[in-house]
C-alpha cells in the first residue's frame, strides 16, 4: 500500500496536503464489507503547531454546531447514555474515560515517560463487532518542555471524518496540556487506511478544486470558537430531548 507523509504548521495545512496526496496517489481497492470501492493510502499527517491559526478547514461535512457537538462527544461523553440504551455499542469517550486521569498522573510521575497511552481498541469486542473502533490508541510525550500527541487509526474516512477527528483530539491534547501546565507540542495523526469511498469521489474532487480556487479556512479564535460556544445551548437541549426519548 502507498505510504504518504505530509506536514504542516496548522491543522488545515496538513489536512489539505493529506487530501491532495490521497487524490493524487491513492490506490483503488475493493471494500467487500460495504459492497463498494475506495481510494486508499497509508497516511501520516504531522501538525507542528496544532493551535496555530487558521485552525478550521472548510473542507468537512458540517459546520460549527456539528464540530462543537463532536468535540463534546469525544471529550465529555455527552451521548454515552446511548450505549446503555443499546443504540450504540460504544463511543470513543466511553472507551477512553477510565484512562484519562492516567495520562496526567503518569506524566507527572515521569515527564520522560513512554507509557502515557490510551487504548481505544477492545479486541474482545471489536473482533466480534460489525462496527469496530477506527481509532486505536493515543500516546502522549513531554519532549522539549511541550506536550506532543500521536494517534493511530486503523481506518479513517478522509472526506467525512478525518478533520473532525483531528480537531477533537487536538482539543483533548490541549486539555491535558493545560492540566499539566505545558505548552502544546506537535500532533501526529496516523491512519493505516486513509480512504475515500467511491460514492464520495466527487466530494474529494470538489475539495481539491476549492483548495485551488478559493479560501478554505476559518480562524478558530475570535470566529468559530465563539460560534461553537453559541451552539452549546442548542446542543444541550438536543441531548436532553434524546435522554427523554423525544
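Every number here is computed from the coordinates shown, using simple stated rules; none is lab data. Keep in mind that what you see is a predicted model, and the values were worked out from it rather than measured. Counting neighbours? That spans all protein chains shown, and the Cβs are built from the backbone with ideal geometry, glycine included.
As a rough footprinting exposure proxy, the listed residues 28, 147 were ranked by other beta carbons within 10 Å of their own, and the order from fewest upward is 28, 147. Once you sort the root eigenvalues of the Cα gyration tensor of the range 3-243 as a ≥ b ≥ c, which label holds: rounded (a/c under 1.5), prolate (a/b larger than b/c) or oblate (the other case)? Rounded. By the count of neighbouring beta-carbon atoms within 10 Å, fewest first, 124, 199, 71 end up ordered 124, 199, 71. Take every Cα pair under 8 Å whose residues are at least 6 apart in sequence, average their separation, divide by the length of the chain, and the relative contact order is 26 percent. The stretch between residue 66 and residue 223 holds 55.0 nm of extra length on full extension. This uses 0.36 nm per residue minus the Cα-Cα distance.
Neighbour counts of other Cβ atoms within 10 Å put 149, 134 in the fewest-to-most order 134, 149. Taking the DSSP bridge list for the range 1-133 and keeping only pairs wholly inside it, about 45 percent are antiparallel. Calculated mean residue ellipticity at 222 nm for the chain: -12000 deg cm²/dmol, from DSSP H runs with n ≥ 4 weighted as -39500 (n - 2.57), summed, divided by the residue count and rounded to 500. Bridge orientation summary for the chain: considering DSSP beta bridges with both residues in this region, about 65 percent are antiparallel.
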